[in-house]
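The structure appears right after this line, and notes come after that.
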Amino acid sequence: MSNPTLPTDSTHALPEGWPGIVNDWSGDRETFKVPWGKAMMWIFLLSDTFVFSSFLIGYMTVRMSTTVPWPDTAEVFGMKIGGVEVPLLLIAIMTFVLISSSGTMAMAVNFGYRRNAKRAAALM
């Protein structure tokens with residue numbers, strides 16, 4: 001089986017560096033009948049899965065290898081309000097902040113699509 005050769009004259013020379021990468025990526029929008037956007041999203045999801053799996057496996061390894069008992073999570077993440085211990089209140093506050101921030105970001109994206117830059121910037 002013979003390998004195809006590239007033309008050697010200067011009219012068919014491929015660009016080098018970043019212009020070459022842009023030329024390669026823009027020339028073929030689909031590979032194996034899968035759009036680039038979908039393929040890149042899967043690559044992102046897989047890389048994110050590997051990163052968080054590494055964090056969780058590292059945490060599990062450290063937690064299982066120690067002989068000293070770990071503190072109770074209700075005590076670690078609890079707060080005292082008015083002298084009363086409220087367990088896991090800090091977790092509830094962080095969850096509320098996370099959900100609120102994702103909601104405001106979704107609204108900012110919506111206003112960005114509507115070309116309302118002032119509201120989009122205010123919500124970010």
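The values are calculated or read from the model by the stated rules, or taken from the named source; none is laboratory data. Owing to the predicted nature of the structure, the values given are computational and were not obtained by experimental measurement. Neighbour counts are summed over all protein chains in view; Cβ atoms, including those assigned to glycine, are modelled from backbone coordinates with ideal geometry.
Numerical summary
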| item | result |
| --- | --- |
| Residue tally, condition in a helix (DSSP H, G or I) and of a type outside the set (A, V, I, L, M), over the range 105-124 | 6 |
| Selected residue [surrounded by 10 or more Cβ atoms within 10 Å (Cβ to Cβ), more than 21 Å from the chain's Cα centre (by Cα) and without any contact (Cβ under 8 Å) to a residue 24 or more places away in the chain] from Ile93, Ile81 | Ile93 |
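Here's the yes/no breakdown for (1) modelled with pLDDT of 95 or more; (2) of a type in the set (Ser, Thr, Tyr); (3) outside any helix (DSSP H, G or I):
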site	(1), (2), (3)
Gly37	no, no, no
Ile43	no, no, no
Phe50	yes, no, no
Ser53	yes, yes, no
Ile57	yes, no, no
Met64	no, no, no
Thr67	no, yes, yes
Pro71	no, no, yes
Gly103	no, no, no
